[in-house]
Amino acid sequence: AITSLLFSTPARTSRMPKKRRNRGRAKKNSGRKRRVACELSGKLVPKDKAIKRYVVRNIVNMAAISDLKEASVNPDYNLPKLYYKMYYCVGAACHRKIVRARAVKDRKNRQPPPRRRYNNDGKKQQNK
């Protein structure tokens, strides 16, 4: 009788606060997700929880592109690009300012942030 009193669970009168609608994951009803390695820390993170960024870069840096264009036989040749998907854990992404903490009111906004557009000169376009 004493052990049942010690180990019985009390009636739940209040629930823990829920910070995010999806609890920081995108799995819904699909069980366990495979893990991916964080690019910065190497930590294994569930794929649906990881912060994902798709990177498109030139294979060579801007200084070498002009040299390659001059040395190229075909003037119309475009250098291939490097396409890479990067995964970050939440802690590393916050540390590197890839994502930032938002106010409670702003967390409900699920729209992606406005994208930065650039001219052909590499300068930011003015939003009208």
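Just so it is clear, none of the values below were taken in a lab; they were calculated from the coordinates. Predicted model, so just to flag it, every value in this text is computed and none were measured.
May I ask you to derive the relative contact order of the chain, considering only C-alpha pairs under 8 Å and at least 6 residues apart, and to give it as an integer percent? Contact order relative to length: 21 percent.
Take the residue pairs Lys47/Lys85; Lys18/Lys108; Lys97/Lys123; Lys52/Lys108; Lys19/Lys97 and return only those whose Cα atoms are more than 18 Å apart. As for pairs spanning more than 18 Å Cα to Cα, those are Lys97/Lys123; Lys52/Lys108; Lys19/Lys97. If every alpha-carbon in the chain counts as one equal scatterer, what log10 I(q)/I(0) does Debye give at q = 0.10, 0.14 1/Å? The Debye formula, applied to the Cα set alone, gives -0.61, -0.95. Helix 62-71 versus the longest principal axis of the chain: what angle, 0 to 90°, nearest 10, using Cα atoms? Helix 62-71 sits at roughly 40 degrees to that axis. Taking 20 Å as the straight-line reach from the Cα of Lys69, the aspartates and glutamates in range (excluding those fewer than 8 positions away in the same chain) are Asp121. Using the alpha carbons alone, the radius of gyration of the stretch 77-123 stands to its Kirkwood radius in an Rg to Rh ratio of 1.10.
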